[in-house]
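First comes the structure, then the notes that go with it.
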Amino acid sequence: MSTDFKSIPLIDVSPLVAKGDDLKMGQDPDVRQVVKQLDRACRETGFFYVKGHGVPHSLMKEVKDVTHKFFHLPHHEKLKIKLTPSTGYRGYQKIKANITKGVPDLQEAIDYYRDVKRGMYGSLGEILEGSNQWPQDPANFKASMEEYIRLCTGKSHVSRKIMRGIALALGGSADELEGDKGGDPFWVVRLIGYPGKSPANPQTNDIGCGIHTDYGLLTLINQDDDITALEIQNLSGEWIPATPIPGTFVCNIGDMLKIWSNGLYEATLHRVINNSPKYRVCVAYFYEPNFDTLVEPLELFVEKSGRARLDQKAVYGEHLVNKVKNNFVMEELN
């Protein structure tokens, strides 16, 4: 449950990165300190910055640079990788094609998912079957993004190691949320461009992304260093800015972790408003459970929370597909 926080904590996760392949890492005093900080952040804000994560700052900048270059291409070039139902909902969407709670967002985006082969998840995964669409321009776009995704996803890389720290923070083993829960994680990458505020309409307060929580486990947000647009809502309803800290990810927990933790860790509401005249880019990486796993409160965490069991459960892939089906202005996809 979030609190009346006024700022977002910064956590150096380098001990997790160094020790995260060792299931006994919880015995290390430096790791234990990180675990305490993660526990406090997940309980109080649901958001935290991380440094010491091991993804090179140069690569974080490169993926934002190629995203900027793509979004500044002529519209007809961007439409070469247009998202449609027939592409497995992968690809480019123009401004205001994406909606949050029925309201079009002032953003354009490209969506990428882990490849889903035909029949891989039966009827559950049918609408996401396919491979990702990569633009020819910029020339280094695909190589940069694939390397970035590899560093975020791989078994020895940052998302899994942060999740191991969170599992320890909840009182479980380091691999508590792996195996048939999250040992074969799904992932989503969303590249988002937010137009700058028009000088002709300075009073217009267009919402780049409406108020929402994230769907899955853990989000890593790589945002432009010079524009503050992401805002987090505290318990009193105040909006706290996630001011960029160069070289860090802004991390937040999602709906599936709330369920697994029996509500001990709550997904926090957030939104994006770009009041800058400059175009803003965000590379959002979503680390998720196994696509076909049933997510429900885990008995261990029910006991440790001392709370009644949440009356919530979801098959992650079904939860994601339902969101995808309602995320777009459908006439824009035809």
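The values are calculated or read from the model by the stated rules, or taken from the named source; none is laboratory data. Predicted model only: the values in this text are computed from it and were never measured. Here the Cβ is made from the backbone with ideal geometry for all residues, glycine too, and neighbour counts use every protein chain on show. Calculation scope for accessible area: heavy atoms of the full protein, side chains included, ligands and nucleic acids excluded. Shrake-Rupley method; radii C 1.70, N 1.55, O 1.52, S 1.80 Å.
Kindly indicate whether any position in segment 38-57 is among the aliphatic types (A, V, I, L, M), open to solvent by less than 80 Å² (accessible area, probe 1.4 Å) and in contact with a Cys (Cβ under 6 Å, 6 or more places away or on another chain).
Residues of segment 38-57 among the aliphatic types (A, V, I, L, M): 38, 41, 50, 55.
Among the residues that remain, those that are also open to solvent by less than 80 Å² (accessible area, probe 1.4 Å) are: 38, 41, 50, 55.
Subset that is in contact with a Cys (Cβ under 6 Å, 6 or more places away or on another chain): 50.
Yes, because at least one residue in segment 38-57 is among the aliphatic types (A, V, I, L, M), open to solvent by less than 80 Å² (accessible area, probe 1.4 Å) and in contact with a Cys (Cβ under 6 Å, 6 or more places away or on another chain).
State which residue is least open to solvent (accessible area, probe 1.4 Å) when the search covers only segment 1-22 and only residues that are closer than 30 Å to ILE240 by Cα and in a helix (DSSP H, G or I). Spell out how you get there, then give the answer.
Applying the first criterion (closer than 30 Å to ILE240 by Cα) to segment 1-22 yields 1-17.
Pick out the ones that are also in a helix (DSSP H, G or I) and you get 14-17.
On the way: SER14: 47, PRO15: 29, LEU16: 1, VAL17: 42 Å².
The selected residue is LEU16.
Which of the residues that make up segment 295-334 are modelled with pLDDT under 90 and in a strand (DSSP E or B)?
The answer is PHE328, and nothing else.
Please work out which residue is surrounded by the most Cβ atoms within 10 Å (Cβ to Cβ), limiting yourself to segment 279-289 and to residues that are assigned to a loop (DSSP other than H, G, I, E, B) and in contact with a Lys or Arg (Cβ under 9 Å, 6 or more places away or on another chain).
At the first step, the residues of segment 279-289 found to be assigned to a loop (DSSP other than H, G, I, E, B) are 279, 288-289.
Imposing the further condition that a residue be in contact with a Lys or Arg (Cβ under 9 Å, 6 or more places away or on another chain) reduces the set to 288-289.
Details: GLU288: 26, PRO289: 31.
Checked segment 279-289; the qualifying residue surrounded by the most Cβ atoms within 10 Å (Cβ to Cβ) is PRO289.
Can you tell me which residue in segment 297-326 is least open to solvent (accessible area, probe 1.4 Å), limited to those that are closer than 13 Å to MET256 by Cβ and basic (Lys, Arg)?
So the residue we want is LYS323.
Kindly indicate whether any position in segment 253-262 is open to solvent by 40 Å² or more (accessible area, probe 1.4 Å), at pLDDT 95 or above and touching a strand residue (DSSP E or B) at 6+ places or on another chain (Cβ under 8 Å).
No; the residues of segment 253-262 include none that is open to solvent by 40 Å² or more (accessible area, probe 1.4 Å), at pLDDT 95 or above and touching a strand residue (DSSP E or B) at 6+ places or on another chain (Cβ under 8 Å).
Here are the criteria: (1) assigned to a loop (DSSP other than H, G, I, E, B); (2) open to solvent by less than 70 Å² (accessible area, probe 1.4 Å). Tell me which single one ASP292 does not satisfy.
With respect to (1) assigned to a loop (DSSP other than H, G, I, E, B); (2) open to solvent by less than 70 Å² (accessible area, probe 1.4 Å), ASP292 is out only on (2).
For (1) within 22 Å of VAL55 (Cα to Cα); (2) at pLDDT 95 or above, each residue gets a yes or a no:
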site	(1), (2)
ASN98	no, no
LYS101	no, no
TYR121	no, no
LEU124	no, no
GLY154	yes, no
MET163	yes, yes
SER173	no, yes
ASP184	yes, no
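Please work out which one of (1) closer than 22 Å to THR293 by Cα; (2) modelled with pLDDT under 95; (3) over 16 Å from the mean Cα position of the chain (by Cα); (4) not small (Gly, Ala, Ser) is the condition TYR215 fails and give its number.
Condition (3) is where TYR215 drops out.
Considering segment 79-109 alone, what residues qualify as being charged (D, E, K, R), farther than 26 Å from THR293 by Cα and open to solvent by less than 20 Å² (accessible area, probe 1.4 Å)?
Filtering segment 79-109 down to residues charged (D, E, K, R) leaves 80, 82, 90, 94, 96, 101, 105, 108.
Okay, now just the ones that are also farther than 26 Å from THR293 by Cα, so 80, 82, 94, 96, 105, 108.
Passing the criteria: ASP105, GLU108.
Hey, can you tell me all the residues within segment 63-78 that are surrounded by fewer than 17 Cβ atoms within 10 Å (Cβ to Cβ) and under 19 Å from ASP225 (Cα atoms)? Spell out the reasoning first.
Within segment 63-78, the subset surrounded by fewer than 17 Cβ atoms within 10 Å (Cβ to Cβ) is 65, 68-69, 72-77.
Once the filter is applied, which keeps residues that are surrounded by fewer than 17 Cβ atoms within 10 Å (Cβ to Cβ) and under 19 Å from ASP225 (Cα atoms), segment 63-78 yields ASP65, HIS68, LYS69, HIS72.
Considering (1) touching a helix residue (DSSP H, G or I) at 6+ places or on another chain (Cβ under 7 Å); (2) farther than 16 Å from ILE162 by Cβ; (3) open to solvent by less than 50 Å² (accessible area, probe 1.4 Å), say which one ASN222 fails and leave the rest.
That leaves (2) as the condition not met.
Sort out which residues of segment 23-37 are in contact (Cβ under 8 Å) with a residue 40 or more places away in the chain, open to solvent by 30 Å² or more (accessible area, probe 1.4 Å) and not basic (Lys, Arg), and write them in order of number.
Correct list: LEU23 only.
Name, by its number, the condition in (1) free of Cβ contacts under 8 Å to residues at least 60 places away in the same chain; (2) touching a Ser or Thr at 6+ places or on another chain (Cβ under 6 Å); (3) under 21 Å from LEU220 (Cβ atoms); (4) surrounded by 18 or more Cβ atoms within 10 Å (Cβ to Cβ) that does not hold for THR243.
THR243 satisfies all of (1) free of Cβ contacts under 8 Å to residues at least 60 places away in the same chain; (2) touching a Ser or Thr at 6+ places or on another chain (Cβ under 6 Å); (3) under 21 Å from LEU220 (Cβ atoms); (4) surrounded by 18 or more Cβ atoms within 10 Å (Cβ to Cβ) except (4).
What's the number of the condition PHE249 fails, among (1) in contact with a helix residue (DSSP H, G or I) (Cβ under 9 Å, 6 or more places away or on another chain); (2) free of Cβ contacts under 8 Å to residues at least 40 places away in the same chain?
(2)
From the residues in segment 110-161 that are surrounded by fewer than 20 Cβ atoms within 10 Å (Cβ to Cβ) and basic (Lys, Arg), which one is farthest from GLY20 (Cα to Cα)?
So, considering only residues that are surrounded by fewer than 20 Cβ atoms within 10 Å (Cβ to Cβ) and basic (Lys, Arg), the one farthest from GLY20 (Cα to Cα) is ARG118.
On the given criteria, is ARG271 open to solvent by 10 Å² or more (accessible area, probe 1.4 Å), assigned to a loop (DSSP other than H, G, I, E, B) and over 21 Å from ILE162 (Cβ atoms)?
The answer is no for ARG271.
So which of ILE166, ILE127, ILE110 is among the β-branched types (Val, Ile, Thr) and part of a strand (DSSP E or B)? Before the answer, list the steps.
Values: ILE166 fails: part of a strand (DSSP E or B); ILE127 fails: part of a strand (DSSP E or B).
Selected residue: ILE110, the only one of ILE166, ILE127, ILE110 that is among the β-branched types (Val, Ile, Thr) and part of a strand (DSSP E or B).
Can you tell me which residue is nearest to ARG164 (Cα to Cα) among those in segment 279-324 that are among the hydroxyl-bearing types (Ser, Thr, Tyr) and within 20 Å of the chain's Cα centre (by Cα)? Explain how you work it out, then say what you get.
First, the residues of segment 279-324 that are among the hydroxyl-bearing types (Ser, Thr, Tyr): 279, 285, 287, 293, 305, 316.
The next check asks that each one be within 20 Å of the chain's Cα centre (by Cα); those that pass are 285, 287, 293, 316.
Working: TYR285: 17, TYR287: 13, THR293: 18, TYR316: 19 Å.
Across segment 279-324, the extreme among qualifying residues is TYR287.
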